[in-house]
Amino acid sequence: MASSASVSVSGRGGGFLLPAAVLLAVAVIHARGAPAAPCVPRVFSFGDSLADTGNFPFLYGNDSREPALRTPYGETFFRRATGRFSDGRLIVDFIADTMGLPFVRPYLSGRTAEDFASGANFAVGGAMALGPDFFRGRGVPMGDRMHLGVEMKWFHDLLDLLCPADRADCMGMMNQSLFLVGEIGGNDYNIPLLSRVPFEKIRTFTPSVVAKISSTVTELIGLGAKTLVVPGNLPIGCVPNYLMIFKSDKKEDYEPETGCLRWMNEFSKYHNRLLIDELEKLRKLHPGVSIIYADYYGAAMEIYRSPEQFGIDHPLAACCGGGGPYGVSMTARCGYGEYKVCDDPQKYGSWDGFHPSEAAYKGIAIGLLRGTYTQPSISTTISSCPQLTELGSSVEYKNCGTVLHLTVVAQVIGWLLFFVHFL
């Protein structure tokens, strides 16, 4: 299985280790200890562009208008475009890696059961929770789009691949796996907002969006899922493109401590309140299941309130875009038109004006994995995971390639065997 992790190593360090490097690598392995066993056997992920690790190119790979299919997307960590809508890794990448697993494989990139030995990612950039018919029925123009119902159909197809004789054979796998149901629902608001649908009307969509997320969680539980993480929405009032589009001359429209648009963040909190209430109802219906709310909003607001603690200098600006105070413009966007790319994406809270940078995703992931922004705490729910108690080293690792991936470890072992044999 060619995971994103192995690609990233070969792209950054080459495929040949000199004897001196072998000795150094052995010393690093000895100092850090052997790789820990995975905390969970598999991760399954659903969602939109905040979670898509590479399904998008399989659906839209021939669309030259999609900048995310080419660099500078992916430049920070992977050194190439992977279909992720950022400069590097996403929250799901940090979660999987901390759990001791490879980056979650995009569903559309696999063919055999062996391809999904560590799970699968069904998220697709641009996906919505609700299907397009919901919006058409309410007078909102909407083309055919990916949505949670299609992602769940893919998941059922995967179960048929993994357990062809009897779905019951998959029950043990379902019981032990970690499910990430989202983030999803943001595009159910983004697309109408950008189409200038009245905000009061958009607000009426929220109960249906939350109900769809709830029914998906219920369906997964019915299939045997025991541990599910359900994220809320990010603070959309801090999104650079919205700060540009809905710019206001009224001081009271902005949060004084962050500079984010107050009314938009209040809407995100409204969605999250409804979701939290719904998850509490599900917990009462399924007392033997761990349903974890992931507070993306709270974790992200830590970055906007105290960006210096995350090494970020420009929390409300895009690294890649058209310039201006928020790094975006109406005439150019990242990868399209006469766009600009900053020198150091790690100093920016946004990558392209709509999607967080790797630095922001990393900060959010740390907040979730430490348990600060998960209810109940993921670090106590998955109690057999020592990596979560050693988070300082297990999440911070990959800024400069300071921790060896399994590909490099395999090279080290090969060189050791060579020298033992011949010396």
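Looking only at the stretch 238-267, count every residue that is at positive phi and under 22 Å from the mean Cα position of the chain (by Cα) and tell me the total. Can you show your working first?
Of the stretch 238-267, the ones at positive phi are 259.
Right, trim to under 22 Å from the mean Cα position of the chain (by Cα) and you get none.
Residues that pass the stated criteria total 0.
Please return the ranges of helices (runs of 4 or more DSSP H) entirely within the stretch 121-205 where 1 or more residues are hydroxyl-bearing (Ser, Thr, Tyr).
Working: elements: 132-136, 148-162, 171-176, 186-194, 199-203.
The helices (runs of 4 or more DSSP H) meeting that bar are 186-194.
For the stretch 353-371, how many residues are farther than 16 Å from Thr98 by Cα and open to solvent by 20 Å² or more (accessible area, probe 1.4 Å)?
Of the residues in the stretch 353-371, 2 are farther than 16 Å from Thr98 by Cα and open to solvent by 20 Å² or more (accessible area, probe 1.4 Å).
Please work out which residue is farthest from Glu280 (Cα to Cα), limiting yourself to the stretch 340-376 and to residues that are in a loop (DSSP other than H, G, I, E, B) and without any contact (Cβ under 8 Å) to a residue 40 or more places away in the chain. Working first, answer last.
Of the residues in the stretch 340-376, the ones in a loop (DSSP other than H, G, I, E, B) are 342-344, 351-355, 357, 370-373, 376.
This time we only want the ones that are without any contact (Cβ under 8 Å) to a residue 40 or more places away in the chain, so: 342-344, 370-371.
Working: Cys342: 43, Asp343: 44, Asp344: 41, Arg370: 22, Gly371: 18 Å.
Filtering first and then ranking leaves Asp343.
Collect the residues in the stretch 71-96 that are open to solvent by 30 Å² or more (accessible area, probe 1.4 Å) and out of contact with any Asp or Glu (no Cβ under 9 Å at 6 or more places or on another chain), keeping them in residue-number order.
Thr71, Arg79, Arg80
Taking Ala36 as the residue in question, decide whether it is open to solvent by 50 Å² or more (accessible area, probe 1.4 Å), in contact with a helix residue (DSSP H, G or I) (Cβ under 7 Å, 6 or more places away or on another chain), at pLDDT below 90 and more than 22 Å from Ala360 (Cα to Cα).
Working: open to solvent by 50 Å² or more (accessible area, probe 1.4 Å): yes; in contact with a helix residue (DSSP H, G or I) (Cβ under 7 Å, 6 or more places away or on another chain): yes; at pLDDT below 90: yes; more than 22 Å from Ala360 (Cα to Cα): yes.
Against the criterion (open to solvent by 50 Å² or more (accessible area, probe 1.4 Å), in contact with a helix residue (DSSP H, G or I) (Cβ under 7 Å, 6 or more places away or on another chain), at pLDDT below 90 and more than 22 Å from Ala360 (Cα to Cα)), Ala36 qualifies.
Residues checked against (1) open to solvent by less than 10 Å² (accessible area, probe 1.4 Å); (2) part of a helix (DSSP H, G or I); (3) closer than 21 Å to Asn241 by Cα:
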residue: Met264; (1), (2), (3): yes, yes, yes
residue: Phe267; (1), (2), (3): yes, yes, yes
residue: Ile276; (1), (2), (3): no, yes, no
residue: Leu279; (1), (2), (3): yes, yes, no
residue: Pro287; (1), (2), (3): no, no, no
residue: Ile291; (1), (2), (3): yes, no, no
residue: Ile303; (1), (2), (3): yes, yes, yes
residue: Ala317; (1), (2), (3): no, no, yes
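So which residues in the stretch 167-177 are open to solvent by less than 10 Å² (accessible area, probe 1.4 Å), more than 27 Å from His271 (Cβ to Cβ) and modelled with pLDDT of 95 or more?
At the first step, the residues of the stretch 167-177 found to be open to solvent by less than 10 Å² (accessible area, probe 1.4 Å) are 170, 174, 177.
Filter once more, so that each one left must be more than 27 Å from His271 (Cβ to Cβ): 170, 174.
Hit for the stretch 167-177 is Met174, nothing else.
Condition first: open to solvent by less than 40 Å² (accessible area, probe 1.4 Å) and free of Cβ contacts under 8 Å to residues at least 12 places away in the same chain. Can you find one or more residues in the stretch 129-136 that meet it?
To start, the set of residues in the stretch 129-136 that are open to solvent by less than 40 Å² (accessible area, probe 1.4 Å) comprises 129-132, 134-135.
Add one more test, that the residue is free of Cβ contacts under 8 Å to residues at least 12 places away in the same chain, and what stays is none.
Looking through the stretch 129-136, none of the residues is open to solvent by less than 40 Å² (accessible area, probe 1.4 Å) and free of Cβ contacts under 8 Å to residues at least 12 places away in the same chain.
State whether one or more residues within the stretch 229-236 are under 29 Å from Asp63 (Cβ atoms), touching a Ser or Thr at 6+ places or on another chain (Cβ under 7 Å) and exposed (fewer than 14 other Cβ atoms within 10 Å of the Cβ).
No, the stretch 229-236 contains no residue that is under 29 Å from Asp63 (Cβ atoms), touching a Ser or Thr at 6+ places or on another chain (Cβ under 7 Å) and exposed (fewer than 14 other Cβ atoms within 10 Å of the Cβ).
I need every pair where a residue in the stretch 327-338 that is farther than 17 Å from Ser350 by Cα has its Cβ under 9 Å from the Cβ of a residue that is assigned to a loop (DSSP other than H, G, I, E, B) and open to solvent by less than 100 Å² (accessible area, probe 1.4 Å), sequence separation at least 6 or different chains.
From the stretch 327-338, the pairs are Thr331/Gly322; Thr331/Gly337; Gly337/Gly322; Gly337/Ser329; Glu338/Gly322; Glu338/Ala332.
Before we move on, is Ser383 of a type in the set (S, T, N, Q), open to solvent by 20 Å² or more (accessible area, probe 1.4 Å) and within 24 Å of Tyr242 (Cβ to Cβ)? Quick ask: steps written out before the conclusion?
Details: of a type in the set (S, T, N, Q): yes; open to solvent by 20 Å² or more (accessible area, probe 1.4 Å): yes; within 24 Å of Tyr242 (Cβ to Cβ): no.
Spelling it out, it is not the case that Ser383 is of a type in the set (S, T, N, Q), open to solvent by 20 Å² or more (accessible area, probe 1.4 Å) and within 24 Å of Tyr242 (Cβ to Cβ).
Residue check, Asn233 against (1) farther than 21 Å from His314 by Cβ; (2) in contact with a strand residue (DSSP E or B) (Cβ under 9 Å, 6 or more places away or on another chain), all met but one. Which one?
In the conditions (1) farther than 21 Å from His314 by Cβ; (2) in contact with a strand residue (DSSP E or B) (Cβ under 9 Å, 6 or more places away or on another chain), Asn233 misses (2) alone.
Evaluate the stretch 298-309: report whether one residue or more is hydroxyl-bearing (Ser, Thr, Tyr), within 25 Å of Tyr73 (Cα to Cα) and touching a residue at least 24 places away in the same chain (Cβ under 8 Å). Walk me through it before giving the result.
Taking the stretch 298-309 and keeping what is hydroxyl-bearing (Ser, Thr, Tyr), we get 304, 306.
If we keep only those that are within 25 Å of Tyr73 (Cα to Cα) too, we end up with 304.
Next, only the ones that are touching a residue at least 24 places away in the same chain (Cβ under 8 Å) stay: 304.
Yes, that holds for at least one residue.
Please go through the stretch 244-262 and give me each residue that is more than 14 Å from Asn190 (Cβ to Cβ) and assigned to a helix (DSSP H, G or I), ordered by number.
Of everything in the stretch 244-262, those that are more than 14 Å from Asn190 (Cβ to Cβ) and assigned to a helix (DSSP H, G or I) turn out to be Met244, Lys251, Glu252, Asp253, Arg262.
How many of the residues in the stretch 178-228 are among the aliphatic types (A, V, I, L, M), surrounded by 15 or more Cβ atoms within 10 Å (Cβ to Cβ) and out of contact with any helix residue (DSSP H, G or I) (no Cβ under 7 Å at 6 or more places or on another chain)?
Let us first name the residues in the stretch 178-228 that are among the aliphatic types (A, V, I, L, M), namely 178, 180-181, 184, 191, 193-194, 197, 202, 209-211, 213, 217, 220-221, 223, 225, 228.
After this cut, where a residue has to be surrounded by 15 or more Cβ atoms within 10 Å (Cβ to Cβ) as well, the list is 178, 180-181, 184, 191, 193, 197, 202, 209-210, 213, 217, 220-221, 223, 225, 228.
Filter once more, keeping what is out of contact with any helix residue (DSSP H, G or I) (no Cβ under 7 Å at 6 or more places or on another chain): 178, 191, 197, 220-221.
Adding up the residues that qualify gives 5.
Mind listing just one residue for me: the one in the stretch 100-109 that is in contact with a strand residue (DSSP E or B) (Cβ under 7 Å, 6 or more places away or on another chain) and part of a loop (DSSP other than H, G, I, E, B) and, of those, surrounded by the fewest Cβ atoms within 10 Å (Cβ to Cβ)? Outline the logic, then answer.
In the first step, residues of the stretch 100-109 are kept if they are in contact with a strand residue (DSSP E or B) (Cβ under 7 Å, 6 or more places away or on another chain); the result is 101, 104-107.
Now narrow it down to the ones that are part of a loop (DSSP other than H, G, I, E, B): 101, 104-105.
Details: Leu101: 21, Val104: 30, Arg105: 25.
Among those residues, the one meeting the criterion is Leu101.
Is it the case that Gly139 is on the phi > 0 side of the Ramachandran plot, open to solvent by 40 Å² or more (accessible area, probe 1.4 Å) and either over 23 Å from the mean Cα position of the chain (by Cα) or in contact (Cβ under 8 Å) with a residue 40 or more places away in the chain (or both)? Before you say what the answer is, go through the steps one by one.
Numbers: on the phi > 0 side of the Ramachandran plot: yes; open to solvent by 40 Å² or more (accessible area, probe 1.4 Å): yes; either over 23 Å from the mean Cα position of the chain (by Cα) or in contact (Cβ under 8 Å) with a residue 40 or more places away in the chain (or both): yes.
Judged against the criteria, Gly139 is a match.
For the stretch 145-169, name all the residues that are within 17 Å of Gly185 (Cα to Cα), without any contact (Cβ under 8 Å) to a residue 60 or more places away in the chain and touching a helix residue (DSSP H, G or I) at 6+ places or on another chain (Cβ under 6 Å).
Arg145
The values are calculated or read from the model by the stated rules, or taken from the named source; none is laboratory data. In this text the structure is predicted, and so the values were computed from the model without any measurement. Cβ atoms come from the backbone with ideal geometry, glycine included; neighbour counts cover every protein chain shown. Surface areas here come from the heavy atoms of the whole protein model, side chains and all, with no ligands, DNA or RNA. Shrake-Rupley method; radii C 1.70, N 1.55, O 1.52, S 1.80 Å.
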